[in-house]
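This report concerns only the one structure given below.
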Amino acid sequence: MERVEAVKRLKELEGQNLHDLAREFHITVHTESGKVNKGWAGHVCERHLGIPLNTSQSPNFGSWELKSIPLKYLKDGRLQFKETMAITMIDPYQVARTPFETSHLLSKLKKAVCVARTVGATVGDPTFIHSVTTLDLNGDLYEAVRADYELVRSCLNDPQRGFDALTGSMGVYIQPRTKGSGHGSVTRAFYARPLFLAQYIKL
């Protein structure tokens with residue numbers, strides 16, 4: 001299934017409660033041990049598309065890749081992004097030697113199909129599909145993201161700084177930061193800041 005068709009079919013879910021669809025598609029929100037099945041919302045989307053469940057955390061369907069973006073309501077009723085969006089891991093050797101135009105970061109952004117959904121305080125609260133969109137970079141935003149990427153490359157290629165100097169404070173739209181269990185993590189990944197997501201998802 002190509003990205004255009006996937007977006008068209010996923011838009012059919014806008015406004016629907018994913019918990020209702022999870023029951024319909026026999027997707028478990030909690031595992032037998034009681035833990036949350038973190039990929040359950042994505043699995044619902046895959047079942048709706050008629051695609052066999054993908055075991056990877058970020059399903060890659062060739063010409064497109066599914067990204068789930070949680071939104072939360074503030075006390076005054078306004079919506080905001082609950083968290084940043086993970087894009088791709090940072091391989092310091094590869095990133096240091098690869099310009100933005102041929103980078104994994106740009107490739108991943110071009111493939112992204114973002115399913116934004118409202119969530120509650122717990123996984124059991126109703127969660128509704130807010131919108132479905134693609135991340136089509138162009139113009140000033142393209143150049144701004146390229147600048148964020150090149151900032152990371154510059155750090156990696158600087159003998160005085162290098163990989164360990166990458167922090168979440170870098171980048172205007174795209175940030176490099178630790179991935180995994182927080183403090184002590186030795187991995188880094190590119191994340192899209194809420195400011196970037198807001199260019200495509202209107203709250």
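Rule-based calculations on the coordinates, nothing more; no lab input. Note that the coordinates shown come from a computational prediction; the quantities given were computed from them, not determined experimentally. Here the Cβ is made from the backbone with ideal geometry for all residues, glycine too, and neighbour counts use every protein chain on show.
Cα-based Rg (one decimal) and Dmax (whole number) for the chain, in Å?
Answer for the chain, Rg first and Dmax second: 17.7, 56 Å.
In segment 34-127, which GluC sites (Glu not before Pro) fall in coil by DSSP and have 16 or fewer other Cβ atoms within 10 Å? Before the final figure, lay out the partial values.
Numbers: sites: Glu46, Glu65, Glu83, Glu101; in loops: Glu83.
Hits after loop and neighbour filter: Glu83.
Where does the chain land at 222 nm, in deg cm²/dmol rounded to the nearest 500, when only DSSP H runs of n ≥ 4 count, each adding -39500 (n - 2.57), divided by all residues? Mind dumping the intermediate values first?
Numbers: 7 runs with 60 residues, N = 203.
Calculated mean residue ellipticity at 222 nm is -8000 deg cm²/dmol.
Quote the FRET efficiency, to the nearest 0.05, computed for Thr167 versus Val123 with a Förster distance R0 of 22 Å and r equal to the Cβ-Cβ distance.
On the way: r = 30 Å, r/R0 = 1.38.
Efficiency at R0 = 22 Å is approximately 0.15.
Can you give me the relative contact order of segment 3-197 as a percent, contacts being Cα pairs under 8 Å and 6 or more apart?
Values: 298 pairs, mean separation 40.7, N = 195.
So the answer I get is 21 percent.
Ignoring trypsin sites (Lys or Arg not before Pro) that are buried or in helix or strand per DSSP, and keeping those with at most 10 other beta carbon atoms within 10 Å, what is the longest stretch of the chain between them?
Values: sites that count: Lys35, Lys75, Arg78, Lys202.
Value returned for the longest uninterrupted segment is 79-201.
Calculate how many DSSP beta bridges within the chain are antiparallel, expressed in % of all such bridges and rounded to the nearest 5.
Values: 21 of 29 bridges.
Taking every DSSP beta bridge within the chain, about 70 percent pair in antiparallel fashion.
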